[in-house]
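Just below is one structure, and these are the notes that go with it.
The values are calculated or read from the model by the stated rules, or taken from the named source; none is laboratory data. All figures in this text were calculated on a predicted structure; none of them were measured in a lab. Backbone-built Cβ (ideal geometry, glycine too); neighbour counts: all protein chains shown.
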Amino acid sequence: MLEVREVVTSYGMIQALKGVSLAAREGEVTCILGPNGAGKTTLLYTIAGILRPRSGSISFQGRELAGTSAADVVGRGISLVPENRLVFPHMTVRENLLAGAYVRLGRDRAGVEADLDAMFARFPILKQRAGQAAGTLSGGEQQMLAVARALMARPRLLMMDEPSLGLAPLVVEQIFQIVQGLNREGITVLLVEQNARLALSIAHHAYLLEQGRIAFHGTPSEVSANEGISRAYLGIKGG
Amino acid sequence: MVDFLQALVDGVMLGATYSLLGLGFTLIFGVLRRLNLAFGPTILVGIYAGSHVGLAWPGALWAVVAATVVAAILCGIYVERCSFRALARQAPVVSMISTFAVWMQLQELVSLFEASRTMPYPSPAWLPALTVGPILLRSDALLMWSGATAIMLALFVLLYRTRFGTAVRAVADSSEAATLMGVNVSVIGAAAFLLASTVGGLAGVLIAQSQQQVTPYFGLWATVKGLTAMLLGGAGSLPGAVAGGVILGVVETQTLWHFGGQWRDLASFALLFLVVALSPRARSEPTL
C-alpha cells in the first residue's frame, strides 16, 4: 500500500535519512523500532509531506507521493498522530475533531457530522468532554483525541508516532487495543514506538531504523529471534 | 452617580473601537506569533485616504468608508510583504523591528504629503443623539458602539463557525498540528493579516467619524490603544481583546471625568503595567 524507496531527507547539511526503504502492506500493522535520533519521526514527516525528501520515491496505492503538499497527503488518505499528541489546547474537543476533518469540511458537512457522532460513540470520554478545551484533558484522553482527530480525515493509512510516550501503563494498553481494533476494521497502521515489546505484540511486520538506515526487518518473531536486537530493544539477555 | 454612569456608558462605547483595534493585533499576533507595530499607521493612511475622498465628494459617505478600508488593506498588504513574508524565516523580533521601520515610513510619508497635517473626516451629521433618563448617548458614540459590535459579531461568527475560522484558530494553537490536518499555514497567515487589516480599516472609520479629524499621530495612538487592549485581555485571546478594549475605554473616560484629560493616558498605562505585572494570563502563551 505504502512503498518508500531509497528516501534521503536532510536538515541542512545533516542527513537524517540516508536511503530508507520500507513497505507498509494493506491491512497490516507495520512498526518501526529504533533508538532516539534514528530518524523515525523524520521518516513519518517525510511521508506526511511536511519534509521534502532530497531523493528517493514514496508511493501510496501506486501513486507517487514525494513532493506533494501535506494537504494532498491527508486528502489521499494518510493521517499522522504526532509525537506528544499536539492537540489544539485552547480549542474544544469537538473543534479539534472538526479541525481533523479540515480537508473535507467544506464539501462533506453531513459526512463530517456523522463521523463526529461515530467518534463520540467509539470514545465516550470524548463525548463527555466535547465542550471542554483539549488542553484540560489528561494525557490518555489527549492521545485518544489525537487518534480520533486523525480518523476524522478518513485515512486508509494511519501513522502513529510514539503513542505510548508519557502515558501510564494501563492507558498505554488501552491505546494499543484501540490501534489493534482500528487495524481489524481495515485501517493500515504504520507505528513508530519506543516500547518495542508492546509494538511487536500487535505488529505484522517490523523494521529497525538505526542512524538513518534500515538495519533489519522481518516478522515480530524474526525480530525477537535476533539476539542482538532482542538484547538492545527488548531487554532480553542473550545466551 | 449620574456622572459615573455617563462616563461608564461613554467608556463602553469608546472601548468597543479599542476592542476592534485589539482584535486586529490579536489576529496577527495569534496566527503569526509576531507583533505588527505598523498596524495603527496602516489605519492612519486609510483615514487620510477617506478624508480626501470626503473633501472631493461631500456627502458620499459610502465612498469615504470604502476609501478608508481599501487604503488600510493595501497598506496592510505592504506591511505583510515587507515585514512578514520577506522575513518569515527570521526571528520574530526582526519582524517586529521592521514593522517599526515601516511605521515611520508611513507616518513620514503622510506628514510629507499632507501640508495642512490636520485633515477633516466626515461624520453622518443626520444621526440624532439619544437621551435615556439622565444619560446622553451622543450619535457619534452610538455609531462607534453599534458599528464595532456588529463587526465583532461578524468576526466571531467567521472565526468560530466556519471552516476558515477553524483553520485560523488551529494555526494559532499549533501550526505544526494544523499542517498535519492539511491546513496551508502560510495561506492562513496571509488571510489572517488581510482580515486584521479589514477590521483595522473599519475601526478607523468608526473612530475618525467620532473625532471628525485626523493628524499624522493617529498611527501611534491606534497602535498604543490596540496593543493595550490586547495585553489587558491576555495577549492572544480573542474574547480577551474585546474585554481589554472595553476596560481601557471605561478607565479612560472615568479618569477624564473625575480627574481631567491630562490624567487619561497615565491612568490607562498604569493599569496596563499592573495587569502585565500581576496577571499570569498576560504572560502566558498566545491563543485564540
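Data for the structure
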read-out	value
Filtered residues of the stretch A:43-70 (kept if among the hydroxyl-bearing types (S, T, Y) and within 14 Å of chain B (Cβ to nearest Cβ))	A:Y45, A:T46, A:T68, A:S69
Conditions (1) hydrophobic (A, V, I, L, M, F, W, C); (2) crowded, with 24+ Cβ neighbours inside 10 Å; (3) away from chain B (no Cβ under 14 Å): number failed by A:A38	(2)
Residue selected from the stretch A:71-87 under the condition facing another protein chain (nearest Cβ under 9 Å) and on the phi > 0 side of the Ramachandran plot, by the criterion surrounded by the most Cβ atoms within 10 Å (Cβ to Cβ)	A:R85
Scope the stretch B:128-147; condition under 21 Å from the mean Cα position of the chain (by Cα) and within 15 Å of B:Q6 (Cβ to Cβ); matching residues	B:A141, B:L142, B:W145
Leading residue by the ranking (surrounded by the most Cβ atoms within 10 Å (Cβ to Cβ)) among those in the stretch A:88-107 that are part of a loop (DSSP other than H, G, I, E, B) and more than 7 Å from every other protein chain (Cβ to nearest Cβ)	A:A101
Whichever residue in the stretch A:120-173 is of a type in the set (V, I, T) and within 16 Å of the chain's Cα centre (by Cα) and, among such residues, is nearest to A:L80 (Cα to Cα)	A:V147
Flag for A:V223 being under 18 Å from A:A23 (Cβ atoms) and modelled with pLDDT of 95 or more	no
Output for the stretch A:188-223, where each listed residue is under 21 Å from A:M160 (Cβ atoms) and polar (S, T, N, Q)	A:T188, A:Q194, A:N195, A:S201, A:T219
Tally of residues being without any contact (Cβ under 8 Å) to a residue 40 or more places away in the chain and under 19 Å from A:T188 (Cβ atoms) across the stretch A:47-64	4
Matching residues in the stretch B:74-90 - criterion: being crowded, with 23+ Cβ neighbours inside 10 Å and closer than 13 Å to B:V45 by Cα	B:C75, B:G76, B:V79
Residues satisfying the stated conditions in the stretch B:210-232, i.e. farther than 19 Å from B:T26 by Cα and either out of contact with any Pro (no Cβ under 7 Å at 6 or more places or on another chain) or without any contact (Cβ under 8 Å) to a residue 60 or more places away in the chain (or both)	B:S210, B:Q211, B:V214, B:T215, B:P216, B:Y217, B:F218
Complete set of residues in the stretch B:45-71 that are touching a Leu at 6+ places or on another chain (Cβ under 9 Å) and closer than 20 Å to B:L143 by Cα	B:G46, B:G54, B:V65, B:T68, B:V69
Count of the stretch A:151-178 residues which are among the aliphatic types (A, V, I, L, M) and surrounded by fewer than 22 Cβ atoms within 10 Å (Cβ to Cβ)	8
Close pairs from the stretch B:179-200: first under 22 Å from A:R85 (Cβ atoms), partner modelled with pLDDT of 95 or more and basic (K, R), Cβ under 8 Å, at least 6 apart	B:M181/A:R149
Failed condition for B:G236, given (1) in a loop (DSSP other than H, G, I, E, B); (2) over 30 Å from B:L274 (Cα atoms)	(2)
Residue tally, condition touching a strand residue (DSSP E or B) at 6+ places or on another chain (Cβ under 6 Å) and either loosely packed, with under 14 Cβ neighbours inside 10 Å or β-branched (V, I, T) (or both), over the stretch A:1-26	7
Those strands (runs of 3 or more DSSP E) lying entirely in the stretch A:1-74 with at least 3 residues under 17 Å from A:E162 (Cβ atoms)	A:29-33
From B:T166, B:T131, residue being under 30 Å from A:V93 (Cα atoms) and of a type in the set (S, T, Y)	B:T166
Residue within the stretch B:79-95 that is in contact (Cβ under 8 Å) with a residue 24 or more places away in the chain and within 16 Å of the chain's Cα centre (by Cα) present	yes
Enumeration of residues in the stretch B:97-123 that are touching a residue at least 12 places away in the same chain (Cβ under 8 Å) and not in a helix (DSSP H, G or I)	B:E114, B:R117, B:T118, B:M119, B:P120, B:Y121, B:P122, B:S123
Count - residues of the stretch B:180-191 that are crowded, with 24+ Cβ neighbours inside 10 Å and either within 19 Å of the chain's Cα centre (by Cα) or closer than 20 Å to B:L87 by Cβ (or both)	0
